[in-house]
Amino acid sequence: HNVEDGKVVYSITTPNGLNRELRIHDIEKETDVLIEENVYKFKLVTDDKVFYTIGNDTFQPLYSNTFDGKNRIEVMQNIERIIKVVNNWIYVEKYSSYYNTNVIIKVSLDGKERITLCANFKISVMIAEYESGIFI
């Protein structure tokens, strides 16, 4: 999926053919670390963290974990997709029962801060941060 600082992020299908394991291989140390046993979709790598969802297409909580696999954090439940990562913020699209539609949410990397940015859009194509604010 990605290579970051000499570490290869990849997933493999388990022998039962139903599950996928998310792994990180350290090229220098020749070590292989299991990050998650039942990953649904790999999402991204930023700094020393890998982001992914578990479950299936109707249940997709977003998790992060460090490259050593020892700091698993649930960032947010049931996201549709990650739109972009900018300056330690993840911009996600997610269904909101409050608005009864998909919304764009700005989420901190640890998931503790969440700001709903937009609840009335047809399609999101680009997010960019400027000195005066955010452009969606």
For the chain, the per residue accessible area (1.4 Å probe, Å²) is 61 Å²
Phi-based couplings in Hz for segment 44-60 (Karplus 6.51, -1.76, 1.60; Gly and Pro marked x): 5, 10, 9, 6, 10, 10, 10, 10, 7, 10, 10, x, 8, 5, 9, 9, 10
I need the fraction of alpha carbon pairs in the chain separated by more than 26 Å, rounded to a whole percent. 27 percent
Over the chain, what percent of the accessible surface lies on carbon and sulfur atoms, probe 1.4 Å? 46 percent
Kindly identify segment 3-78 as rounded, prolate or oblate by the Cα gyration tensor criterion: order the square roots of the eigenvalues as a ≥ b ≥ c, call it rounded if a/c is under 1.5, otherwise compare a/b with b/c, prolate if a/b is larger, else oblate. oblate
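The values are calculated or read from the model by the stated rules, or taken from the named source; none is laboratory data. Because the structure is predicted, anything quoted here is derived from the model rather than measured. Calculation scope for accessible area: heavy atoms of the full protein, side chains included, ligands and nucleic acids excluded. Shrake-Rupley method; radii C 1.70, N 1.55, O 1.52, S 1.80 Å.
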